[in-house]
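One structure is given below, encoded as structure tokens.
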Amino acid sequence: MADQDFIARALSSLSQQMALANAAGGDGGSVADDKNSSLDKSIEAHAKSLVDDDTPNIDSAVKSYLSLVAARSVVASEIDVLSENVKSFDEQVKLNSMDMKSALTCARKLLNGINTTLMPKRNDKEEEKDDSDNETNDETHKMMDAATHIVWNRLVENKDMKPSKVLGRKSLIVAWPYIQERFRRGVDSNEECTDDASRNADALLRSYSTELLPAIAPPQGIEKDAWIAYYTEFGNLLNKACQNDENKQKDDEENEDDSKLLWSADKGVSELQRRQDRRTKRAEVFTQSSNDQAVESSMSTS
């Protein structure tokens, strides 16, 4: 019930903004009215889907990521394969050596950043960049983006509900650049930072004032590089999951995809089963190969 009331208020706010925009555009006759009515319905459906259909929610994904990082520290070894979600062996070592307590500390800071970040109004430069990056960009796309901003910010400001409890990856992917920028500023505020994420930070995000995007300091007791590796990989897994959605990518039976452990509808159950099946199959192949070699060796000596 509370969710429905919240959505109703958010949609009301969005409708007011759209009405003002339509009024500013002048008279367009019945054709324009029909177009606006259709657009209103699309935006309303999009806003509702952010709350009702985007599963799992962010809170669940962060908990899954916490479990993933903590599990690595138990099984990590020098022969572990370098994850595609980190950029260097040093970062992999930092994540692999992170114990449960440290991973929990980082998860809490990650959620704090997510639930306290208000998405600022997009500036003109950012709008221009979005238009140039998206050739199919149209009014509907822009209004859906605006709806996501409104729903997200209303939840951040709400005392009873937070984005991580209500929303999923479709909303987080829009807010993530602003959240990550706050994390980057927190790292930079402590000392001169030389990591790739800071050096390559989007100039447009840097242009926002510290009042709009205040810095978030690294978790207390966590090394700077470990914290950077933690939130960077989480962001990479989020992007990978959204790319899978866009490309409608089918399950890859050969390669492991950690993003599915966080963001799949079954919370990684199918991905874990596929991994177990692959390990069982490899073990069977290894056992059969060993048996064949033993038989050949026995026949050659007899």
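The values are calculated or read from the model by the stated rules, or taken from the named source; none is laboratory data. Quantities reported herein were computed from a predicted structural model and do not represent experimental measurements. Quick reminder, even Gly has a Cβ in these numbers, built from the backbone with ideal geometry, and neighbours come from all protein chains shown. Just the protein is used for accessible areas: all its heavy atoms, side chains included, with ligands, DNA and RNA removed. Shrake-Rupley method; radii C 1.70, N 1.55, O 1.52, S 1.80 Å.
Considering only residues that are at pLDDT 90 or above and buried (at least 20 other Cβ atoms within 10 Å of the Cβ), look in the stretch 76-104 and name the one that is farthest from Ser164 (Cα to Cα).
In this case the residue turns out to be Ser102.
Looking only at the stretch 105-125, how many residues end up being open to solvent by 30 Å² or more (accessible area, probe 1.4 Å) and either at pLDDT below 70 or out of contact with any Asp or Glu (no Cβ under 8 Å at 6 or more places or on another chain) (or both)? Can you show your working first?
Our first condition is that a residue be open to solvent by 30 Å² or more (accessible area, probe 1.4 Å); within the stretch 105-125, this holds for 105, 108-109, 111-112, 116, 118, 121-125.
Checking which are either at pLDDT below 70 or out of contact with any Asp or Glu (no Cβ under 8 Å at 6 or more places or on another chain) (or both) leaves us with 105, 108-109, 112, 116, 121, 123-125.
Residues meeting the conditions: 9.
Return only the number of the condition from (1) assigned to a helix (DSSP H, G or I); (2) at pLDDT 90 or above; (3) surrounded by 21 or more Cβ atoms within 10 Å (Cβ to Cβ) that Ile216 does not satisfy.
The single condition Ile216 does not satisfy is (1).
Considering only the stretch 161-178, state which residues are open to solvent by less than 30 Å² (accessible area, probe 1.4 Å) and out of contact with any Leu (no Cβ under 8 Å at 6 or more places or on another chain).
Hit for the stretch 161-178 is Ala175, nothing else.
Answer yes or no as to whether Ala19 is at pLDDT below 65, more than 21 Å from Cys242 (Cα to Cα) and part of a helix (DSSP H, G or I).
Criteria met by Ala19.
Those residues that are at pLDDT 65 or above, of a type in the set (A, V, I, L, M) and surrounded by fewer than 17 Cβ atoms within 10 Å (Cβ to Cβ), I need them from the stretch 23-60; list them, please.
Ala45
Identify all residues within the stretch 176-213 that are of a type in the set (Asp, Glu) and at pLDDT 85 or above; write none if there are none.
Within the stretch 176-213, Glu181, Glu211 meet the criteria.
Using beta carbons and a limit of 6 Å, which pairs, at least six apart or on different chains, have the first residue in the stretch 65-84 and more than 13 Å from Tyr230 (Cα to Cα) and the second one in a helix (DSSP H, G or I) and at pLDDT below 50?
Close Cβ pairs satisfying both conditions: none exist.
Condition check ((1) within 19 Å of the chain's Cα centre (by Cα); (2) within 28 Å of Ile58 (Cα to Cα); (3) modelled with pLDDT under 90) across all residues:
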residue: Ala229; (1), (2), (3): yes, yes, no
residue: Leu237; (1), (2), (3): yes, yes, no
residue: Cys242; (1), (2), (3): yes, yes, no
residue: Asp252; (1), (2), (3): no, yes, yes
residue: Asn255; (1), (2), (3): no, yes, yes
residue: Leu272; (1), (2), (3): no, yes, yes
residue: Lys281; (1), (2), (3): no, no, yes
residue: Gln288; (1), (2), (3): no, no, yes
residue: Gln293; (1), (2), (3): no, no, yes
